[in-house]
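The values are calculated or read from the model by the stated rules, or taken from the named source; none is laboratory data. Quick caveat: nothing in here was measured; it's all calculated off a predicted structure. When we count neighbours, we look across all protein chains shown, and the Cβ atoms used for this are built from the backbone with ideal geometry, even at glycine. Only protein heavy atoms, including side chains, enter the accessible area calculation; ligands, DNA and RNA are left aside. Shrake-Rupley method; radii C 1.70, N 1.55, O 1.52, S 1.80 Å.
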Amino acid sequence: MPTRRRFDQRATAVVELLGTTTECDDFEQALAERGWPVLQKEGGPATAMTARTTRYLLECRFPGSRANARRGARERIEVVGDELQLDLNVEVTDLVVRDPEERPAWFAYERPAADDPPAGPPTRRARWRRQVRRWCAERLAPYRTGRHISALNRTRAQELATRTLPGTATPSPRVTVRRPIGTPDPEPGAVTGRRRRADREIFRLCHAAAALMVTSSLIARLWPQGFAAWWVLGLVAVTTLGLAAHWLTRFMPGNPGAALGAALVLGVGTAGMGAAIELSGEPGGPSGALGLLTVAAGYAVFTGIRLLVRQWSWRVVAPWLLPAVLPLALGLFPSLGLGLHALYLDAFGLNLEDVEIPRLWQLIATVRLGLAVNLWLIALAGLGYLQHFHWCVRERWPAYTLLGFFALTLLWTGGWNLGLETAARAGAGAMKAAASGKAPDAYFGITPEWVCVRPIGPVDGIHADGGEFRPARPYLRIGDASGTVVLWDPAEKGALKLPMDKLRIVPVEKPPKSCAPSP
């Protein structure tokens, strides 16, 4: 039984096959399994022992982009011939164009009885009531029949509204048609758009708007650095706006002025939104432009994987996606993210048992590490785009070897350079900042702060693990666990572990020269 799959492109092809009847039967069976109908067959007659030339006119159906689809159709047919070891040549391939026109929509409704011509001269009040009822019937359609009609003009729409359909009620003679609210009747000879082209243009416009928003946000971020820092982004924005204007002229045929005005409004609106996202943040805070760029990159990777799934079956794609899903599944166990905390604390000579990390921050660190490890999905998304644009139809080992090498490189780059090594660098940077008297930044639940420590009772009765406790010195508090506080001494460059119940900890903004209480 042939499997019916969704396809985007249809191409007709003339194929020349030199083979026996058995080889012709195998080829036709392979076409039937793929859902490719044979439109015409010429040549022969061949026998089981003698090969003859047979020409097939067939229709090749496959998913993917319209760009480069003719080459993709040829290679897909040649792949079938290579699998069956046939003497096969594809002579002609061309795309089948089936794009229905987008006809205007009409709604059928039944006129009220009061709308009939009066028997005598109507009064002014009767004329007003008649006009109000007509307006309500035409615009609000309280007596609608529920029938939806697509027609080029009112005459054809009226004919379809009164047509009897099987299984439906017989239309009343009062049934007439109206256009949607605020929509005039189409003019005779007006240019009618195409249904699938309109969908494609809207899809492209959404991508153009997103690109303009991200580009304008990046320009707003680089604006203080001068024209040389963002002129390339400005060129990209202008090019994207020009493409949006071109797509709008195709989406709105016959109205170039309205299309250009809509493109200008789209450009100004998205550029303003992008710049506002970047400028709304606080100085020194997270960048809105980088956030938008991250979201756009994630969308591009997700789209590439989705296109790969459409080209292949889930059974083929699942082994590729299993390594990507595994870190996310393991992310349900927050303790797996403690590897980042361990490398951060190692810069201070501490272990995970010395500082208690909140569970929420453990989960956030796990997700952060999982996203860094899954950077190799960029390679998988690239394969999806190559498949979508028909540049990787044949399964050849050099291409997959290069893909595997690229994926391993991204895996190492994400897991080490963007994951574990960043934790080690953050720990080294925090220790360097503490040595210079600055307060280090927080790191996934670890919030170092400068404190003055006052003993409760005699100092000799406080056991200090890791060195000598001197109350006159300022300390950097790293954290605490099980009633023990961890303090880092910038003078000795070592960590002390002290019982919290025998101390009074006073936070300070900057480390003073001495924490001894004034007389």
Of all residues in the range 63-85 being open to solvent by less than 50 Å² (accessible area, probe 1.4 Å) and in contact with a helix residue (DSSP H, G or I) (Cβ under 6 Å, 6 or more places away or on another chain), the one that is farthest from T20 (Cα to Cα): S65
Residue list for the range 90-114, restricted to those being modelled with pLDDT of 90 or more and either over 17 Å from W36 (Cβ atoms) or part of a loop (DSSP other than H, G, I, E, B) (or both): V96
Some residue of the range 362-377 being assigned to a loop (DSSP other than H, G, I, E, B), out of contact with any Cys (no Cβ under 6 Å at 6 or more places or on another chain) and not hydrophobic (A, V, I, L, M, F, W, C): no
Yes/no for D460 being modelled with pLDDT of 85 or more and either open to solvent by 40 Å² or more (accessible area, probe 1.4 Å) or in contact with a helix residue (DSSP H, G or I) (Cβ under 6 Å, 6 or more places away or on another chain) (or both): no
Condition met for T366 (open to solvent by less than 30 Å² (accessible area, probe 1.4 Å), hydroxyl-bearing (S, T, Y) and under 23 Å from the mean Cα position of the chain (by Cα)): yes
Yes/no for E101 being open to solvent by 50 Å² or more (accessible area, probe 1.4 Å), more than 23 Å from Q311 (Cα to Cα) and touching a Ser or Thr at 6+ places or on another chain (Cβ under 7 Å): yes
Of residues in the range 115-143 being modelled with pLDDT under 60 and in contact with a strand residue (DSSP E or B) (Cβ under 7 Å, 6 or more places away or on another chain), the one surrounded by the fewest Cβ atoms within 10 Å (Cβ to Cβ): A141
Members of the range 429-456 that are over 12 Å from L487 (Cβ atoms) and either polar (S, T, N, Q) or open to solvent by 50 Å² or more (accessible area, probe 1.4 Å) (or both): M431, K432, A435, S436, K438, A439, D441, A442, T447, R454, I456
Residue match in the range 42-49 (condition: open to solvent by less than 80 Å² (accessible area, probe 1.4 Å) and under 20 Å from C392 (Cα atoms)): no
Candidates L290, L260, L264 - the one that is within 30 Å of A379 (Cα to Cα), in contact with a helix residue (DSSP H, G or I) (Cβ under 9 Å, 6 or more places away or on another chain) and assigned to a helix (DSSP H, G or I): L290
Selection within the range 465-488 - in contact (Cβ under 8 Å) with a residue 40 or more places away in the chain, open to solvent by 40 Å² or more (accessible area, probe 1.4 Å) and within 18 Å of E509 (Cβ to Cβ): R473
Selection within the range 4-33 - at pLDDT 90 or above, open to solvent by 70 Å² or more (accessible area, probe 1.4 Å) and not in a strand (DSSP E or B): T22, D25, Q29, E33
Condition broken by S172, with the remaining ones in (1) within 22 Å of the chain's Cα centre (by Cα); (2) at pLDDT below 90; (3) hydroxyl-bearing (S, T, Y) satisfied: (1)
Filter result (among the charged types (D, E, K, R) and without any contact (Cβ under 8 Å) to a residue 12 or more places away in the chain) within the range 160-214: R163, E187, D199, R200
A157 of a type in the set (A, V, I, L, M), at pLDDT 70 or above and open to solvent by less than 80 Å² (accessible area, probe 1.4 Å): yes
Enumeration of residues in the range 255-270 that are in contact (Cβ under 8 Å) with a residue 24 or more places away in the chain and open to solvent by 40 Å² or more (accessible area, probe 1.4 Å): L266
Every residue from the range 380-416 that is closer than 30 Å to H341 by Cα, loosely packed, with under 14 Cβ neighbours inside 10 Å and among the polar types (S, T, N, Q): T409
Subset of the range 489-504 [free of Cβ contacts under 8 Å to residues at least 24 places away in the same chain and crowded, with 17+ Cβ neighbours inside 10 Å]: D489
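With respect to V325, determine if the residue is under 19 Å from the mean Cα position of the chain (by Cα), more than 24 Å from A210 (Cα to Cα), at pLDDT below 90 and open to solvent by 60 Å² or more (accessible area, probe 1.4 Å).
Yes, satisfied.
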Residue check, L352 surrounded by fewer than 20 Cβ atoms within 10 Å (Cβ to Cβ), hydrophobic (A, V, I, L, M, F, W, C) and touching a helix residue (DSSP H, G or I) at 6+ places or on another chain (Cβ under 9 Å): yes
Enumeration of residues in the range 160-216 that are under 26 Å from A296 (Cβ atoms), basic (K, R) and buried (at least 17 other Cβ atoms within 10 Å of the Cβ): R204
